[in-house]
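Nothing in this text is a laboratory measurement; each read-out follows from the coordinates by a stated rule. Keep in mind that what you see is a predicted model, and the values were worked out from it rather than measured. Heads up, the Cβs are rebuilt from the backbone with ideal geometry, glycines too, and the neighbour counts pull from every protein chain shown.
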């Protein structure tokens with residue numbers, strides 16, 4: 001088991017180093033002058049202030065030092081938790097801006113991932129090998145996974161938000177309120193959360209249902225299922241065994257799908273103008289605020305790596321075979 | 001984007017089909033024309049492809065040109081209505097279909113070439129090369145593709161469909177590499193591959209003549225999934241505003257519909273067609289893939 005976790009940790013560490021290196025390389029090796037193109041959209045009227053910002057960012061990039069020193073300085077800043085200073089909200093540190101958006105993204109992402117996984121697996125397991133149900137679940141599932149996240153978000157916003165007028169379609173809470181710990185504010189948070197959550201949940205649902213259905217069919221063909229059936233076991237029992245076995249690939253699938261669901265969350269946030277990382281990325285792009293953009297990138301990568309690691313540990317806990325290796329059993 | 005959805009071979013990883021003569025081709029065809037999923041999926045994809053290829057020839061103005069009255073709902077003259085600038089949405093849709101298929105073929109193609117190469121080499125060679133390639137695959141797999149693409153393309157001042165395709169291909173190959181690797185691994189221990197190796201043939205020829213043909217159906221299905229995946233990623237990039245500059249695509253249509261608040265103006269004809277187009281193309285591709293899986297894999301046939 002420790003070997004398994006150690007290998008995984010090594011890959012994640014490597015990924016982190018590569019992500020940081022990509023982050024460092026992109027502004028330096030892409031065509032054009034990053035400082036000038038970044039400040040071209042900054043709304044600074046005063047030329048003196050612009051000059052100061054220009055000096056500051058040139059200093060941050062450290063263009064006058066050799067490349068390897070730039071690289072080391074970049075890592076140094078990173079390890080101190082310094083992601084630079086935002087252009088659009090100068091002089092706020094990037095880290096503060098990101099940390100303000102993260103709770104909103106997490107509030108959308110975590111429930112959407114976990115609930116869609118659980119519900120999708122149930123639906124898929126239930127539909128497998130049942131002619132009529134299967135013939136509806138399968139096409140619906142494929143259409144759902146084929147949907148761009150932002151399109152379903154637009155459809156829901158339009159139908160439930162605009163036409164039916166039951167739910168708000170923009171922002172994280174009502175613009176007339178201030179963040180505080182009161183019933184009014186919390187209920188506003190919740191009503192603004194429902195639509196983005198729902199659209200993510202629905203799109204993610206299809207993939208899990210299909211995956212589970214395919215796995216169950218495969219498991220029901222396995223020898224142990226046939227044997228149980230020959231013994232006369234009730235089909236409920238056989239399905240329960242099949243379900244437990246089919247869970248394992250679905251847990252791995254959770255890790256693989258993380259990136260997709262995450263991009264879905266970013267796109268959904270943009271549709272609903274939800275104050276999370278997606279909207280932040282859009283603002284950063286519109287203002288050419290590369291520091292915020294790159295800070296968000298690193299933050300997202302670290303988040304995905306941590307989530308992957310958690311999934312790995314869950315996998316070890318769920319699958320006894322990975323634990324056997326710890327006690328010296330056959331690999 | 002959909003590594004799980006209908007990924008081929010969760011069920012048939014162990015037993016790749018054995019090589020046989022022409023009789024097999026006719027057998028495949030026999031099942032193909034009797035498979036409704038395959039026929040329906042293929043029919044829809046081909047119809048949309050034809051619309052994207054032929055349609056633009058019947059439109060005599062630029063899709064982004066301001067041609068008509070503003071904010072018109074669908075009518076006889078403008079089949080899908082007009083935007084709030086007076087652009088013809090049908091024209092944009094038809095051109096958008098064309099570029100959607102292009103980006104799918106291109107991004108999917110690049111990802112397919114990288115993925116299968118890495119998968120074959122890793123699965124066939126094994127040992128230290130396998131370890132290294134596997135690690136590389138895992139690294140790229142963990143990185144969230146869309147976010148990497150956002151950061152990478154944000155610095156480009158001019159973006160074309162070509163560059164977008166290459167970038168998408170570079171980030172979306174890992175799961176295909178994994179799938180191909182596991183298949184190649186099981187095939188490379190077969191007797192006929194050993195025989196080919198003994199006869200002193202080059203590695204590359206063994207891969208292309210002995211291993212690849214025996215998993216051709218698998219490769220076709222992987223390509224279809226990569227194709228659909230790159231369409232979805234491209235749509236996401238376009239929607240954020242990192243699409244091809246001055247281009248037309250279904251994702252860019254969604255972006256401008258969002259940017260000019262069609263939602264609040266009630267202009268449903270602006271944002272429904274592009275999303276519906278993407279969903280239909282990718283959804284039919286997936287269903288087509290299930291059909292193919294049933295045709296190639298005798299275990300799944302229900303006849």
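Got the relative contact order for chain B handy, in percent, Cα pairs under 8 Å and 6 or more residues apart? Working shown, then result.
Working: 447 pairs, mean separation 86.6, N = 303.
Once divided by the residue count of chain B, the mean separation gives 29 percent.
Divide, for the protein assembly as shown, the radius of gyration over alpha carbons by 2.2 N^0.38 Å, where N is the residue count.
Details: Rg = 25.6 Å, N = 634, 2.2 N^0.38 = 25.5 Å.
Relative to the rule-of-thumb radius for its length, the protein assembly as shown sits at 1.00.
Report the FRET efficiency, 1/(1 + (r/R0)^6), for residue A:319 and residue A:48, where r is their Cβ-Cβ distance and R0 is 60 Å, rounded to 0.05. List each step's numbers first, then the result.
On the way: r = 63 Å, r/R0 = 1.05.
My answer for the efficiency is 0.40.
What whole number of Å gives the distance from the Cα centroid of the range B:57-127 to the Cα centroid of the range A:201-236?
38 Å
First measure r as the distance between the Cβ atoms of residue A:115 and residue B:209, then evaluate 1/(1 + (r/R0)^6) with R0 = 60 Å and state the FRET efficiency to the nearest 0.05.
0.80
Helix-only mean residue ellipticity at 222 nm, the protein assembly as shown, DSSP H runs n ≥ 4 weighted -39,500 (n - 2.57), per residue, nearest 500. What is it?
The helix-only estimate for the protein assembly as shown comes to -23500 deg cm²/dmol at 222 nm.
For chain A, set up a GNM with springs between Cα atoms under 10 Å and report which of A:108, A:144, A:262 has the largest fluctuation.
Highest fluctuation of the listed residues: A:144.
How far is helix B:268-296 tilted off the main Cα axis of chain B, in degrees rounded to 10, range 0 to 90?
Once rounded, one gets 20 degrees.
Kirkwood hydrodynamic radius (Cα pairs, Å) of chain B?
21.0 Å
Could you check the spin-label model distance between residue A:67 and residue A:186? Points 7 Å from the Cα along Cα→Cβ, value in nm.
5.5 nm
How high is the relative contact order of the range A:94-327? Use alpha-carbon pairs under 8 Å, at least six apart in sequence, and give a whole percent. Each step should come with its number before you reach the end.
Numbers: 257 pairs, mean separation 70.5, N = 234.
In percent, rounded to a whole number, it is 30.
Calculate how steeply helix A:131-146 sits against the longest principal axis of the alpha-carbon atoms of chain A, using the helix alpha-carbon long axis, and give the answer as 0 to 90 degrees to the nearest 10.
Between the helix axis and the principal axis of chain A, the angle is about 10 degrees.
Distances longer than 28 Å among the Cα atoms of the range B:47-190: what percent of all pairs is that?
On the way: 4434 of 10296 pairs.
Percentage above 28 Å: 43.
Treating the Cα atoms of the range A:184-317 as identical point scatterers in vacuum, please give the log10 of the normalised Debye intensity I(q)/I(0) at q = 0.13, 0.16, 0.19 Å⁻¹, two decimals.
For the requested q values the scattering log ratios are -0.75, -0.95, -1.12.
Taking 35 Å as R0, compute the FRET efficiency from the Cβ-Cβ separation of residue A:233 and residue B:182 and round it to 0.05.
Efficiency for this residue pair is about 0.65.
What are the extents of the Cα atoms of the range B:228-303 along their three principal axes, listed from largest to smallest and rounded to whole Å?
51, 26, 14
Report the residue, chosen from A:148, A:93, A:179, that carries the largest GNM mean-square fluctuation when chain A is represented by alpha-carbon nodes joined by springs under 10 Å.
A:179
For the range A:97-221, what does the convex hull of the Cα positions come to per residue, in cubic angstrom?
Dividing the Cα hull volume of the range A:97-221 by its residues yields 135 Å³.
Extending each Cα 7 Å along its Cβ direction at residue A:135 and residue A:5, get the distance between those two points in nm, one decimal.
Taking the simple label geometry, residue A:135 and residue A:5 are separated by 5.0 nm.
Between the alpha-carbon centers of the range A:101-130 and the range B:159-226, tell me the distance in whole angstrom.
Taking the Cα centre of the range B:159-226 as reference, the centre of the range A:101-130 is 33 Å away.
State the Cα centre-to-centre distance between the range B:234-303 and the range A:269-311 in whole Å.
23 Å
Under Stokes-Einstein, with the Kirkwood radius over Cα pairs standing in for Rh, what whole-number D in µm²/s applies to the range A:94-327 at 20 °C and 1.002 mPa s? Walk me through the numbers on the way to the answer.
Working: Rh = 19.7 Å.
Value of D from the Cα-based Kirkwood radius: 109 µm²/s.
Helix A:47-61 versus the longest principal axis of chain A: what angle, 0 to 90°, nearest 10, using Cα atoms?
50 degrees
Test of understanding: in a Gaussian network model of chain A with alpha carbons linked when under 10 Å, which of A:121, A:286, A:214 would top the mean-square fluctuation ranking?
Looking only at A:121, A:286, A:214, the largest GNM fluctuation is found for A:286.
Averaged across the residues of B:272-282, what count of C-beta atoms belonging to other chains lies within 10 Å of each residue's C-beta?
Shielding by partners across B:272-282 averages 4.
What does the convex hull of the Cα atoms of the range B:121-233 come to per residue, in Å³, rounded to a whole number?
115 Å³
Per residue of A:137-145, what is the mean number of Cβ atoms on other protein chains within 10 angstrom of that residue's Cβ?
What the average comes to for A:137-145 is 6.
Counting only other chains, and only Cβ atoms inside 10 Å, what mean value do you get across the residues of A:202-215? Walk me through the intermediate numbers first.
Numbers: counts 0, 0, 0, 0, 5, 7, 2, 1, 7, 7, 1, 1, 10, 3.
Mean shielding by partner chains, rounded to a whole number: 3.
Taking just the C-alpha trace of the range B:90-171, give me its Rg and Dmax in Å.
15.8, 55
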